[in-house]
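K.L.:
Before I ask anything, let me first share the structure, which is written out below as structure tokens.
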Amino acid sequence: VIYSIAETAKANGLKPFEYFEHLLHEIPEHMDDHNLSFLDDLLPWSPALPERIRKNK
């Protein structure tokens, strides 16, 4: 599963390490949320992801 997430991150122009770091920081912030819509912003193709995790073109 982790390999698949890393490869999907790379395919979407993300830096895998920084992407995992972002996920591990953001997901615990929402542990008490009943609305899971925040997950849409964490998908590797989401435009809401921070620029620091995107590869420079």
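K.L.:
Could you work out which residue, out of Pro16, Pro44, Pro28, moves most in a Gaussian network model of the chain, that is, has the largest mean-square fluctuation with Cα springs under 10 Å?
P.N.:
Pro28
K.L.:
Mind putting a number on the dipole of the chain about its Cα centre? Charges go on the C-beta only, +1 for Lys and Arg and -1 for Asp and Glu, and I need it in Debye to the nearest 20.
P.N.:
I would put it at about 520 debye.
K.L.:
While we're on this one: In square nanometres and to one decimal, what's the mean projected area of the convex hull around the Cα atoms of the chain?
P.N.:
4.0
K.L.:
Okay, moving on. For Leu14, which sequence-distant residues (separation of 5 or more, or a different chain) have an amide H within less than 5 Å of its own amide H, given hydrogens modelled in the peptide plane?
P.N.:
Under 5 Å from the amide H of Leu14: Lys55.
K.L.:
Continuing with this model, one more query. In deg cm²/dmol and to the nearest 500, what is the mean residue ellipticity at 222 nm of the chain if only DSSP H runs of at least 4 residues count, each as -39500 (n - 2.57), divided by the residue total?
P.N.:
For the chain, the value works out to -13000 deg cm²/dmol.
K.L.:
All other residues with a Cβ under 14 Å from the Cβ of Leu23 taken together, and with Lys, Arg as +1 and Asp, Glu as -1, what is their net charge?
P.N.:
Residues close to Leu23 contribute a combined charge of -4.
K.L.:
With the other protein chains left in place, how much accessible area per residue, in square angstrom, belongs to the chain at a 1.4 angstrom probe?
P.N.:
77
K.L.:
Rounding to the nearest 10 and keeping the result within 0 to 90°, find how far the Cα-based axis of helix 16-29 lies from the longest principal axis of the chain.
P.N.:
For 16-29 against the chain, the angle is about 10 degrees.
K.L.:
Using the alpha-carbon atoms, what tilt in degrees (0 to 90, nearest 10) does helix 2-11 show relative to the longest principal axis of the chain?
P.N.:
60
K.L.:
With all protein chains present, how much of the accessible area of the chain (probe radius 1.4 Å) comes from carbon and sulfur, to the nearest whole percent?
P.N.:
It is 59 percent, rounded to a whole number.
The values are calculated or read from the model by the stated rules, or taken from the named source; none is laboratory data. Computed from a predicted structure; not experimentally measured. Methodologically, a virtual Cβ is constructed for each residue, glycine included, from the backbone with ideal geometry; neighbour enumeration extends over all protein chains shown. Areas reflect the complete protein model, heavy atoms only, side chains present, ligands, DNA and RNA absent. Shrake-Rupley method; radii C 1.70, N 1.55, O 1.52, S 1.80 Å.
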